[in-house]
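Structure, as structure tokens:
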Amino acid sequence: MEEENVYNRVVKHKPGPSKFQMKNRPSIIFNINKTNGGPPPAKRIKLTTVSDKPCTITSSSNSNGNTNGTNGTRVNGVKNNIKPKLNINEQRRRLPIFVNRNKLLEIIKSNDTLVVIAETGCGKSTQIPQYIHSLRLEENGCIAVTQPRRVAAISLAKRVAQENCPSMEVGETVGYTVRFEDKTSPRTKIKYMTDGMLLREAMFDRLLMKYTVIILDEAHERTIHTDVLFGIVKEAQKKRKERNVSPLKVIVMSATIDVEKFKSYFNNCKSVYIEGRTFPVNLFYMSDQNDDYQTTCISTFFKIHREAPPDYDVLIFLTGQEEVETAAQQIRLLANDPDVEGPPVKVFTLYAAQSSIQQMNVFQSVPEGHRKVIISTNIAETSVTISGIRYVIDCGMVKVRSFHPSTGLEMLKVQRVSQEQAWQRAGRTGRDAEGCCYRMYTRSQFESMSESTIPEIQRANLTSVVLQLLAIGVHAKKFDFMSKPPEETLDAAFEELKLLGAIEDVETGKLTELGKQMTKFPLDPKFTKIILSAVKYGCVAEALTAVAFLSAESVLLNPTTRKEQAQAVRQKFHSTEGDLMTLINIYREFSNAGKSNKKAWCHEHFLNLRNMLYVKDVRSQLKDICKGLNIEVNSCSNQLKLLRKSLLAGLFMNMAEYNKVDRRYVTLHKKQNAWIHPSSVLHGSSPHLVLFTEMVQTTKCYLRGVTTIESDWLMTVAPEYFQHKNIRTCD
């Protein structure tokens, strides 16, 4: 199989007229220029050669680059292969990685640390852990396989459990651990988990003695937790060797990473390259730039829908929950229009705020003769293999959160994906058969994208990371980061922890008793401080509810055509004390609605049922943690000013004072000008002091999640902070 054919098959696309397009948008024309191939592979040498350079593992394929397909006609650039359904063992044997299983195991056995660059679709995430277990290389320990995302950890564990022994359930030989969910047992030998969960385990066992093999998968994503884990496992491996205890084998895997950077960080370890796309993917670009990517994605879907067979499923990438849900609703409505051609459609959504059960719905089969379309955020970029996907529609955008320590702003904005992310998205098809990726941007726009994504560790608020490192006895300023975060970001994190009372001083970073309690919660330290402060004020139940809402996406639905109606219906919940008090009122009535009535109740009040159930689930898990720490879950009933004091105890750095002259707010911490967001129940009013949960920037800076605060609370709730602030007395 030629290297460039991994992504580079080019098919002329001549779109015909479509009723959907004529009614809604002009036809979308894609240019047909040949691409320059996929992400560059590692340098290659013969597998039998002993060298510090990467090895190459190649897979056999026929002349058209298709390892197990058959000839057929083309539909929308995709070959219509008719192939028999394979049983699970035949599927494993046909994976590109299978041919070189023994060679790969020899390399793994002879190296303590290995970087594996493996093309999308080769089977690395499911097969390598099983190959290791088949030779019992983990001995008396366990194989940990980390994933950046919860849905990937769960779906991979279920797949591998099925392959390993169909008669066994997940939680036996193969299990998984994600936040608030543990499906493992003492018999578990292959454990899929989110990187955050392994990091939490390191807080209690720095050497990770439970594991003899740790596989850090999808390393290119460079999440905060993954970057911290690089240093943790590297140190654990070194310490265990020095102490002559059970050795630790570390394998770093991805389809697209800077090989030399990773090799250098892991002490010039060996790397191995595995070829692997089972089927080619055809790429198409827009001929002209188009800013309305959401409408273009939907239009492109219906072009495919009109022409492709029903069992050709589609995956659409958008940026956030609101876009995903809006597009899903539009597709459902248009698919039912009698003027729109195509088979019945089953629409599924996928984003981070969903519960595990909701996320797993995307793997459901649909009735014969129906088309499945999945609309997802970047959560589906890596490791999630959804069978049947023949088309990917990539909007080319992603929602990224960035922290600016100089202003104290944590901004969430939509921006272009990197080339690395674009290749990952294209790689979601071509797993079962030849696939096609429609990119909603031009070839020149792709070439102008950054090659890789800036590591999250260099653009995020690091307060939680610093606390986690201190919990395992590591001072963040002395930690061996692969990509060192900005010094001012670390300084801001230590300052915040000191003000929260989590550490005694910045120099030593010694945790206080309060700080030790904070490490027990998988939350932002500010949110944990709210819960722990609520013990004093007797409102833990309400604090748990508030923090659960802060941990979820918005529950409020404001459809464009019925916005005024939605606001009028929810008026009865409005509190003059602010947005979180309003949400407390909503949750109380939601809890009183009968189980069978919750869906209708949410529909009546324009609330997102999925998000409400997610809030309920998070709250339940936090309540269990409180019980484990012997914290009484007491309630303040209608004395919600006690909850406001608890909120102030955790979010005192998020205070703003109203300036009557300029008619705007000024934040106390960084003196930023801001205004109350139009979606707030306090919009249009001007309370003297407000507390906010986040600040967002569009045309100007807006405060969201606003709560009113009394000035005489400041010196009693957070005196160390407010004694240095000049607060005007309210007239």
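The values are calculated or read from the model by the stated rules, or taken from the named source; none is laboratory data. Just so we're clear, the structure is a prediction, and the values are computed from it rather than from any experiment. Backbone-built Cβ (ideal geometry, glycine too); neighbour counts: all protein chains shown. Only protein heavy atoms, including side chains, enter the accessible area calculation; ligands, DNA and RNA are left aside. Shrake-Rupley method; radii C 1.70, N 1.55, O 1.52, S 1.80 Å.
Things to note:
- Residue tally, condition touching a residue at least 24 places away in the same chain (Cβ under 8 Å), open to solvent by 10 Å² or more (accessible area, probe 1.4 Å) and under 29 Å from the mean Cα position of the chain (by Cα), over region 493-507: 1
- Per-region count, region 69-125, residues at pLDDT below 65, of a type in the set (D, E, K, R) and not in a strand (DSSP E or B): 2
- Residues that are among the β-branched types (Val, Ile, Thr) and free of Cβ contacts under 8 Å to residues at least 60 places away in the same chain, drawn from region 576-623: ILE584, ILE586
- One residue stands out among those in region 414-429 that are open to solvent by less than 10 Å² (accessible area, probe 1.4 Å) and assigned to a helix (DSSP H, G or I): the one that is modelled with the lowest pLDDT, which is GLN424.
- Those residues of region 619-644 which are open to solvent by less than 20 Å² (accessible area, probe 1.4 Å), hydrophobic (A, V, I, L, M, F, W, C) and closer than 27 Å to ARG570 by Cβ, in sequence order: LEU622, CYS636, LEU640, LEU643
- Some residue of region 627-635 being in contact with an Asp or Glu (Cβ under 8 Å, 6 or more places away or on another chain), farther than 27 Å from THR177 by Cα and part of a loop (DSSP other than H, G, I, E, B): yes
- Subset of region 648-692 that is part of a loop (DSSP other than H, G, I, E, B) and among the aliphatic types (A, V, I, L, M) - its residue that is surrounded by the fewest Cβ atoms within 10 Å (Cβ to Cβ): VAL661
- Residue within region 572-594 that is at positive phi, among the polar types (S, T, N, Q) and either at pLDDT below 95 or not in a helix (DSSP H, G or I) (or both) present: no
- Pairs, first within 12 Å of LYS189 (Cβ to Cβ) in region 133-155, second in a loop (DSSP other than H, G, I, E, B) and among the acidic types (Asp, Glu), C-beta under 7 Å, six or more apart: VAL145/ASP217
- Here GLU139 passes the criteria (1) part of a loop (DSSP other than H, G, I, E, B); (2) modelled with pLDDT under 85 except the one numbered (2).
Residues checked against (1) surrounded by fewer than 17 Cβ atoms within 10 Å (Cβ to Cβ); (2) hydrophobic (A, V, I, L, M, F, W, C):
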position	(1), (2)
ASN336	yes, no
PHE348	no, yes
VAL384	no, yes
GLY396	no, no
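- Where strands (runs of 3 or more DSSP E) fall wholly inside region 241-303, the ranges with 2 or more residues that are among the β-branched types (Val, Ile, Thr) are 249-254, 270-274.
- Among (1) open to solvent by less than 10 Å² (accessible area, probe 1.4 Å); (2) under 30 Å from ARG94 (Cα atoms); (3) among the aliphatic types (A, V, I, L, M), the one test that ALA236 misses: (2)
- Subset of region 151-206 [open to solvent by 10 Å² or more (accessible area, probe 1.4 Å), under 24 Å from ASP524 (Cβ atoms), out of contact with any strand residue (DSSP E or B) (no Cβ under 7 Å at 6 or more places or on another chain) and among the aliphatic types (A, V, I, L, M)]: MET203
- Members of region 547-561 found to be of a type outside the set (S, T, N, Q), more than 18 Å from the chain's Cα centre (by Cα) and open to solvent by 40 Å² or more (accessible area, probe 1.4 Å), listed by number: LEU556, LEU557, PRO559
Rundown of residues vs (1) in a helix (DSSP H, G or I); (2) touching a residue at least 12 places away in the same chain (Cβ under 8 Å); (3) surrounded by fewer than 24 Cβ atoms within 10 Å (Cβ to Cβ), yes/no style:
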| position | (1), (2), (3) |
| --- | --- |
| GLN359 | yes, yes, no |
| LEU412 | no, yes, yes |
| ARG431 | no, yes, yes |
| CYS436 | no, yes, no |
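- Remark: PRO485 matches the filter, which requires a residue to be in contact with a helix residue (DSSP H, G or I) (Cβ under 8 Å, 6 or more places away or on another chain) and without any contact (Cβ under 8 Å) to a residue 40 or more places away in the chain.
- Positions within region 529-544 being open to solvent by less than 10 Å² (accessible area, probe 1.4 Å) and either under 19 Å from HIS605 (Cβ atoms) or not in a helix (DSSP H, G or I) (or both), in sequence order: CYS539
- Within region 508-528, the residues that satisfy the criterion of being of a type in the set (D, E, K, R), open to solvent by 30 Å² or more (accessible area, probe 1.4 Å) and under 29 Å from the mean Cα position of the chain (by Cα) are LYS516, LYS520, ASP524.
- Flag if LYS616 is of a type outside the set (Phe, Trp, Tyr), assigned to a helix (DSSP H, G or I), at pLDDT 90 or above and open to solvent by 70 Å² or more (accessible area, probe 1.4 Å): yes
- Members of region 624-654 found to be free of Cβ contacts under 8 Å to residues at least 60 places away in the same chain and more than 29 Å from the chain's Cα centre (by Cα), listed by number: ASN630, SER637, ASN638
- Conditions (1) touching a residue at least 40 places away in the same chain (Cβ under 8 Å); (2) farther than 20 Å from TYR351 by Cβ; (3) not in a loop (DSSP other than H, G, I, E, B): number failed by PRO166: (3)
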